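The values are calculated or read from the model by the stated rules, or taken from the named source; none is laboratory data. No experiment lies behind these values; they were computed from the predicted model shown. As a convention, Cβ positions derive from the backbone with ideal geometry for all residues, glycine included, and neighbour counts pool all protein chains shown. When the accessible area is computed, the model is the full protein with side chains, heavy atoms only, and any ligands, DNA or RNA have been set aside. Shrake-Rupley method; radii C 1.70, N 1.55, O 1.52, S 1.80 Å.
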Amino acid sequence: MQDLVELLKNVAVPASWLAIPVGLWCLIDSWLLAPRRALRAGVPNPPDPVPVRVAYAVLPYLVVAVIIRMITAESLDFSLVLLLLSVGTGVVWLVDHLVFRRR
């Protein structure tokens, strides 16, 4: 059992560092680039490019890697994690409400 935990930890740590840039890429694509592709193509849902589809397919696994890394951490301040998640979702809602909803 300890070997499995170590294996998960060894895989999750490098993968968790990829979650931030891939997540930002998916966020920027869904907010800014996908609507422009739809306007250019003249159809509501044009197919995404292959790298974007790969990023969206890999993102859930990277999020799981972040969760595994947090669970296996020696010191984890869970209240700080909850605070950061609340602030992050609040910022996303605020940007969506103030910037993108009016369009």
Report task. Within region 48-103, track down each residue that is touching a residue at least 12 places away in the same chain (Cβ under 8 Å) and of a type in the set (Lys, Arg). Result -> Arg69
Query raised in the report: So, in region 10-26, of the ones that are open to solvent by 60 Å² or more (accessible area, probe 1.4 Å) and not aromatic (Phe, Trp, Tyr), which residue ends up nearest to Phe100 (Cα to Cα)?
Result: Leu24
Report task. Test each condition in (1) free of Cβ contacts under 8 Å to residues at least 24 places away in the same chain; (2) open to solvent by 60 Å² or more (accessible area, probe 1.4 Å) for Arg37 and report the one that comes out false. Result -> (2)
Report task. Among residues belonging to region 49-76 that are more than 17 Å from the chain's Cα centre (by Cα) and open to solvent by 50 Å² or more (accessible area, probe 1.4 Å), point out the one that is farthest from Leu8 (Cα to Cα). Result -> Pro49
Report task. For Leu7, work out the one condition from (1) open to solvent by 70 Å² or more (accessible area, probe 1.4 Å); (2) within 19 Å of Ile68 (Cβ to Cβ); (3) at pLDDT 90 or above it doesn't fulfil. Result -> (3)
Requested in this report: Restrict the check to region 30-43 and report whether at least one residue is modelled with pLDDT under 95, more than 24 Å from Ile71 (Cα to Cα) and outside any helix (DSSP H, G or I).
Outcome: yes
Query - Search result, residues across region 69-91 that are assigned to a helix (DSSP H, G or I) and either at pLDDT below 85 or basic (Lys, Arg) (or both) - result: Arg69, Met70, Ile71, Phe78, Val81
